[in-house]
Amino acid sequence: MMNYNKLIRAILVCSLLFSGWSVEATAQSLRTDGSISSQLPYITQTLYRPTFVLPLDDLGSGVVNLVPTIAASPTPTFIRASVAWTKLSSGLWGQVTTGTARSSYLGRDTAVGAYGGYLSEPAGIQLVTPTAAIRDMTDASWVKVTTTVAKTCTGIDGSANSATLLTATAPAATVLQTLVAAASARTYSVFLRCILCTGAVSLMQGATASDISAQLNSSTYTRVQLNASVLNSAFGLRFANSSDSVCADFNQFEALVATQFASSPMVSAGAVRAADVLSYATAGNADATQGTCYAEVTANWTTSVNSIAVGFGAGGLMGTIKASTGVLSTQININDGTSNVTKAPLSDMFTGIRKRASCWGGAGMFITGDGAVPATTVFDGDMGSVAIGIGCGSDSLRQWSGTIANVRIYPRQVTSAQLSAMTAP
């Protein structure tokens, strides 16, 4: 006798296979091929293959691969009208040429770090002058008080005699440079390696001081910084104890923006390190009326005007993954130009790679990270897409400062539960 239950099940499975479903049993997750799966009894629907997959993997020597593994329109547009520096796989730092997108490894030091992905930054200006003084503190622009200096240290790029050895010859020794300018929020930063640190080693901006000796070690450089607003700021280093000594490389003084970390090293005084601007066409890659977006990101800082990690839309306002980041919490939001929804708090993006995802369509707009329940609001029906910006909006503004990797865009909207599963730690 025929088993009608088995026959019905076989017919159902066959019809679902022709509809794009697959017979499997896996947990809700991102698959290695970028597709999303959702567990169901007996059968598992493969919920939409991505139309755009951009791993942003490392090509070596500080260069990132901008070629998508899946894309209808795969050609990138990248602009940065200056050289720029980045952290390499070895832990050392290196310079990449004008117009070359950077890969980056994590850590504000010269220790080996995890791979972060594509490094995106807004423009910056180096206020240390002259150019020679950025790495060579024997330069006369640095005023030394009971401190000896010698350009004999191996620098953060592994080059011999490229960084400066500073040694205190009396208590309260200082090495300072003065910027004659109105008081304004600025960041002084420098890479330091401890040679002998028995007492406080402090960063200075005028009367503002910060003891950073606990952050230093004798084997690798560590980037330390001090944010302050001082009229005619005298910035640099102070040693509490005589005979204490450090190697110093890449002094940097720059405008402070919100909760900014010091930006990547700038090697020329007064020169602008141009913004990183990366984009792709939307044609065939993303659907403005419905879709899902996923990325793995870190952040150095963001402003009160949200920074865009992955976004598209007229004027750059329709970021699918944006963030406004504070010291204690992180929020992300999605904006279609009419409605806006924010998810907070989430794990901060300063201390590691975070998974973030959003979706839009008939069910509304959703956004989340860290596996949390998404925040949601209504969707006006069109994201108004004109380009896919990676690390910026389609207007080349609202630059992300940090790394971006494993970007995926899907042509359908997933459920709230699936969005959470995509971003689970």
By count of other Cβ within 10 Å, fewest leading, how are TYR115, TYR221 ordered?
-> TYR115, TYR221
Please report, in debye to the nearest 20, how large the charge dipole of region 131-273 is about its Cα centre when each Lys and Arg carries +1 at its beta carbon and each Asp and Glu carries -1 there.
-> 60 debye
Stretch gain in nm, segment ALA81-ASP380, where the contour uses 0.36 nm per residue and the Cα spacing is subtracted = 104.0 nm
Stretched fully, the stretch from TYR115 through THR148 gains (0.36 nm per residue minus C-alpha distance, one decimal, in nm) 8.1 nm
Just how far, in whole angstrom, is region 351-420 from region 133-149 if you go by their alpha carbon centroids?
-> 48 Å
Tell me, in nm to one decimal, what length is gained between THR351 and SER159 on full extension, where the rule is 0.36 nm per residue of separation less the Cα-Cα distance?
-> 66.3 nm
For region 131-273, compute Rh as the Kirkwood radius over C-alpha pairs and then the Stokes-Einstein diffusion coefficient at 4 °C and 1.567 mPa s; write the answer in µm²/s, rounded to an integer.
-> 87 µm²/s
For SER159, SER219, what's the fewest-to-most ordering of other Cβ within 10 Å of each Cβ?
-> SER219, SER159
Per-residue ³J(HN,Hα) for region 158-168, Karplus 6.51 cos²θ - 1.76 cosθ + 1.60, θ = phi - 60°, Hz, x for Gly and Pro | x, 7, 5, 6, 10, 10, 10, 8, 10, 9, 6
Roughly what % of Cα-Cα distances in region 62-194 sit above 21 Å, to the whole percent?
-> 56 percent
Order by neighbour count: TYR105, TYR294, fewest other Cβ atoms within 10 Å first, most last.
-> TYR105, TYR294
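Each reported figure results from applying straightforward, stated rules to the coordinates on display, with no laboratory input. No experiment lies behind these values; they were computed from the predicted model shown. As a convention, Cβ positions derive from the backbone with ideal geometry for all residues, glycine included, and neighbour counts pool all protein chains shown.
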